[in-house]
1. Name every residue in segment 20-52 that is within 11 Å of the ligand (Cβ to nearest atom) and not in a helix (DSSP H, G or I), in order of residue number.
2. Filter segment 79-118 for residues that are out of contact with any Lys or Arg (no Cβ under 7 Å at 6 or more places or on another chain), modelled with pLDDT under 90 and under 16 Å from LEU152 (Cβ atoms) and give the result.
3. Out of segment 60-73, which residues are touching a helix residue (DSSP H, G or I) at 6+ places or on another chain (Cβ under 7 Å) and in contact (Cβ under 8 Å) with a residue 24 or more places away in the chain?
4. Can you go through ALA125, ALA87 and tell me which one is more than 16 Å from the ligand (Cβ to nearest atom), more than 26 Å from GLN10 (Cα to Cα) and touching a Gly at 6+ places or on another chain (Cβ under 8 Å)?
5. Return the total of residues in segment 60-84 being away from the ligand (no atom under 11 Å from the Cβ) and surrounded by 13 or more Cβ atoms within 10 Å (Cβ to Cβ).
6. Looking only at segment 78-86, decide whether some residue is more than 23 Å from the chain's Cα centre (by Cα) and assigned to a loop (DSSP other than H, G, I, E, B).
7. Looking only at segment 129-148, which residues are within 16 Å of ALA105 (Cβ to Cβ) and part of a strand (DSSP E or B)?
8. If you check every pair at least six apart or on different chains, which have Cβ atoms under 7 Å apart with a residue in segment 45-59 that is within 11 Å of HIS17 (Cβ to Cβ) first and a residue that is surrounded by 11 or more Cβ atoms within 10 Å (Cβ to Cβ) and among the aromatic types (Phe, Trp, Tyr) second?
Amino acid sequence: MQAWLQTTQQQLSRQLHANKLPHAILFSGVKGAGHEELALWLTQVLLCQHYHVDNLNILHGCNQCKTCQLFASNSYPDHITLSTDKATIGVDEVRKLSQFFEKTAHIGTAKTAWVKQADSMTISAANALLKTLEEPTANSFIILTTNSVETLLPTIISRCQQFKIRPPVGENLLAEFSIGDGQHVTLQHNQQSTDLFANLSHYSELSDASVANDFQTFRNNIKQYLCYHAHRAELLKALVDNNNAMRWFEKVIVDLTREQWRWELSAQSDLEMNLGTEKLWQIYRLIQTANMKLKTLVQVNRQFLSEKLLVDISQIVNSAEG
Ligand SMILES: [Zn+2]
């Protein structure tokens, strides 16, 4: 599990241990924030017959009892997952969930349901779920996850204990890395927060389709540049002409760093490129410095600064592994 989920796990473990876990729990966050991992973790702990506590006071399923084994093979009868390959979760699926809770548990005492992508429920599905949320049966737990909590019905949100999962970004993210020879990066935390999520809704690429399109192109060009030294001219033009570009550059590097970090934690092999966190970190600092110069210096040659930035970045990319 990602390190930033620990405080949430600790809180939920305390509540569960004290028998104070609410009937409905909502985990929200951007894609990759870890809220789905939390839902799986919590479900397993709720169902496991022999959970244990680790030295961080976090509960864990045992992975060995009959429940854990059946749950791992997706065949535990006292759990139901609602998800959809289609655009929406319909009212029929939510009715299945209500009927599921009306029956007594087959094996253990608790029954659990996970509504994945809860925001994709249709209005009538959400209204049907409201009824189930309002009339909980004993020892039943409904866990909802969503990547877009703002599109979930407020009445649903109000019936749940909500956990907003925010992975660290920018300086906070990089501060969690061990860089180089096991040296931990120390950063000044009194600097202005670079938390991208704090102001996401103000950014035009989220509300304007053509800006969003420019962002995607820019993002692809960065990847091509970092991997193959391609698209230098387009990248340079964007950096000189587009006022969003320098901020986008920071954001893309932060995203790539996060992908890299997750990849190193989980050993998944779906990473598009593998620059290493140290190089990404150096690139991030270069962009930050360039961005700061653009913002604070009155007389700055944007063309020259952008050209130099790209040269410096390719030197880092091409340098020998540290
Ligand atoms: Zn178990």
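1. CYS48, GLN49, HIS50, TYR51, HIS52
2. Residues satisfying the conditions are THR84, ALA87, THR88.
3. THR67, CYS68, PHE71
4. Within the list ALA125, ALA87, the selection yields ALA125.
5. Matching residues across segment 60-84 total 8.
6. Looking through segment 78-86, at least one residue is more than 23 Å from the chain's Cα centre (by Cα) and assigned to a loop (DSSP other than H, G, I, E, B).
7. SER140, PHE141, ILE142
8. If the second residue must be surrounded by 11 or more Cβ atoms within 10 Å (Cβ to Cβ) and among the aromatic types (Phe, Trp, Tyr), the pairs left are VAL45/TYR51; LEU59/TYR51.
The values are calculated or read from the model by the stated rules, or taken from the named source; none is laboratory data. Bear in mind the structure is a predicted one, so any value in this text is a computation, not a measurement. With ideal geometry, Cβ positions are generated from the backbone for all residues, glycine too; neighbour counts draw on all protein chains shown.
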